[in-house]
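What follows is a set of notes on a single structure, which appears directly below.
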Amino acid sequence: MKKLSDHGTIDEIITRIDMLREDSKPLWGKMNPAQMFTHLNRYMELTFGEIKLKRELGGILLSYFARKKLFTEEYLPKNMPTNPYFVIKDERNFEAEKFRLIEYVNKMEESGNTTFIGRHPFFGKLTPLEWERLTLVHFDHHLRQYGV
């Protein structure tokens, strides 16, 4: 499994982010690239414990089954429902959100998976290894959404 503390993994993520343009079109979904960057930035706020979200009822009921699937499947399914905090509908500044996201990616390399302290609104408490897996799969999901 790839590691967030591995410079090669971080370089790959940043290279893929850099391939996106403001006018890139998604292969699925409704977000434009700036909105997708904001979506991932908000996820990183949660991951690093900068924000806290209440646990979702659906997560309390279904997280055991979803967690098993998440950690055995290679990809996240397309068009999955998400917590309203992560739904971005307004226009965002592409360059500012991209810069912020790259800063978070570099922070991931510096910390490996040791500072992932947030509580996921669907999955609840995750181990650092589970946060790392979820983060890698989540980033890959949205970068594949744009064909990069």
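Coordinate-derived values only; no laboratory data. It should be emphasised that the depicted structure is a prediction, and the values quoted were computed from it without experimental measurement. Backbone-built Cβ (ideal geometry, glycine too); neighbour counts: all protein chains shown.
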On average, how much area does the Cα convex hull of the chain cover when viewed from any direction, in nm²?
8.1
Around Glu109: net Lys/Arg minus Asp/Glu count, Cβ-Cβ under 13 Å:
-3
Quick check on my link table: of Lys25/Lys98; Lys78/Lys107; Lys30/Lys107; Lys30/Lys89, which ones sit more than 20 Å apart, alpha carbon to alpha carbon?
Lys78/Lys107; Lys30/Lys107
Residues Thr127 and Val148, FRET efficiency given R0 of 41 Å [Cβ-Cβ distance, rounded to 0.05]:
0.90
Roughly how many nanometres apart are two label points built 7 Å out from the Cα toward the Cβ at Asp6 and Leu61?
3.9
If Lys52, Lys98 are placed from fewest to most neighbouring beta carbons inside 10 Å, the sequence is Lys52, Lys98
Gained length - Val137 relative to Lys52, 0.36 nm times residue gap less alpha-carbon distance
28.5 nm
Most mobile of Lys107, Lys125, Lys89 per a Gaussian network model of the chain (Cα springs, under 10 Å)?
Lys89
